[in-house]
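Just below is one structure, and these are the notes that go with it.
Readers should treat all values here as calculations from the given coordinates under stated rules, not as data from a laboratory. If you're wondering where the values come from, they're calculated on a predicted model, not measured in any experiment. As a convention, Cβ positions derive from the backbone with ideal geometry for all residues, glycine included, and neighbour counts pool all protein chains shown.
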DNA sequence: ACCTGAACACCGTTCAAGT
DNA sequence: ACCTGAACACCGTTCAAGT
């Protein structure tokens, strides 16, 4: 019932093994460093062997994005609507922060597959169950998602190479732009957690009642 | 006072000419198609000549992003705070929609240059002038920006290749996911304009009073 | 100061051949 | 059914040489 065919020998390659190795490669070296050849080297295999399990580089990246999305946990079933939406948003954020260098794959690519639709279902189902008409449910979900994507893009791209932000603060103060200079101490640092909670509350408030 | 040196001959290459040609290349063929070599070919020049005016491919892409940002018009000076913020947001959106294939350069890259700071100044100045303390001004601006970036990413990535959305609707209905199927007609289409106005109103309302 | 071209170390993917 | 390797048409960038 579980084995796809009667082949017990652990074949070297599989779509899953490739995607996981790809994710590890992104985690370690970043998105720009991903190449079919390097990934094949890492798996001890000819580059062209990957094409037996994955449709090409773009499909590989989509597959890695789906691995990230699959890590979002289902919200507790006894939660009310607001708790459910909040849990999904926090789960989404946690999944992205677990793999910050791969997160842009989810945040910037149009994902069309079935498995990419699962989180949409998880958010839409409680909205409809709470009595939201489908058009308003979709509308509200889109607004929340836009905020989540924008916030996470900022959080995940925040250059970790950027040592102390002291230099950045000095640059901002010396920018010659008066408002930027005046707000420099607050521009130089960002409490991502607080920004996330602040914006999420706004968006969930805006959802309103069915 | 304006000429940098007494060289009247219109030298073939300049940073600006390169950035504009780069933007045109992105507009026509998309981001993935951009290469230093192809851009040089388009300019009738050796690929390596570009490096005299631009620091490399990454700097080229940053430069193109700055060209986009520079197209955001200054808001009318007599406008009140809300009108000013709204005008900036609409100007930002219009600038991105003028070059949808280049927009991800602005929306997904961390821009550090001075010219990328100009729009921040334009938004921060009226907030401070209206009496917002700098920490709240930065906080509010970040929330609005996150929403704008997320919304515009969706709008700009929406595959224009995707013929009628009839096929997509059928896929969604047949997904086996009940909530997705129930909301399929609304998931299949997106009124980007309305989503933008809806979310912008929420974020500007959330700014509150100083 | 700017432009050139050869060279280096890479890419993604097609295709014919193997087992 | 899966894996291989040669081959093709590309990349970004360094470096030495030209003017």
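Things to note:
- Working from Cα pairs under 8 Å separated by at least six residues, relative contact order for chain A is 17 percent.
- Mean Cα-pair separation over length for segment A:1-123, i.e. relative contact order, pairs under 8 Å, 6 or more apart, %: 27 percent
- At 7 Å out from Cα toward Cβ: residue B:28 inter-copy label distances (nm, ascending): 4.1
- Among A:25, A:124, A:177, the largest mean-square fluctuation in a Gaussian network model of chain A (Cα springs under 10 Å) belongs to A:177.
- Counting, for every residue in A:170-176, the Cβ atoms of other protein chains within 10 Å of its Cβ and taking the mean gives 2.
- Spin-label model, residue A:55/residue B:201: points 7 Å from Cα along the beta carbon direction are separated by 3.9 nm.
- Nm distances between copies for residue A:58, ranked from closest, using label points 7 Å along Cα→Cβ: 2.6
- Mean projected area (nm²) of the alpha-carbon convex hull when segment A:1-132 is viewed from all directions: 10.1 nm²
- The Kirkwood hydrodynamic radius of the protein assembly as shown, based on inverse pair distances between different Cα atoms, is 23.7 Å.
- Scaled radius of gyration (Cα, divided by 2.2 N^0.38 Å) that segment B:80-160 gives: 1.14
- The two copies B and A are related by a rotation, and the chain B beta carbon nearest its axis, with distance in whole angstrom, is B:150, 2.
- Mean ellipticity per residue at 222 nm, deg cm²/dmol - from DSSP H runs of n ≥ 4 across chain B, formula -39500 (n - 2.57): -19500 deg cm²/dmol
- What separates the residue B:14 label point from its copies, with the point 7 Å along Cα to Cβ, is 6.1 nm, written shortest first.
- Max mean-square fluctuation residue, GNM over chain B, Cα-Cα springs under 10 Å, options B:188, B:116, B:70: B:188
- Cα centroid separation - segment A:52-126 against segment B:136-154, whole Å: 21 Å
- Taking B:203, B:36 and counting other C-beta atoms within 10 Å, the order from fewest to most: B:36, B:203
- Within a Gaussian network of chain B (alpha carbon springs, distance under 10 Å), most fluctuating of B:100, B:119, B:178: B:178
- Put a dot 7 Å past the Cα of residue B:109, heading toward its Cβ, do the same for residue A:70, and the two dots end up 3.4 nm apart.
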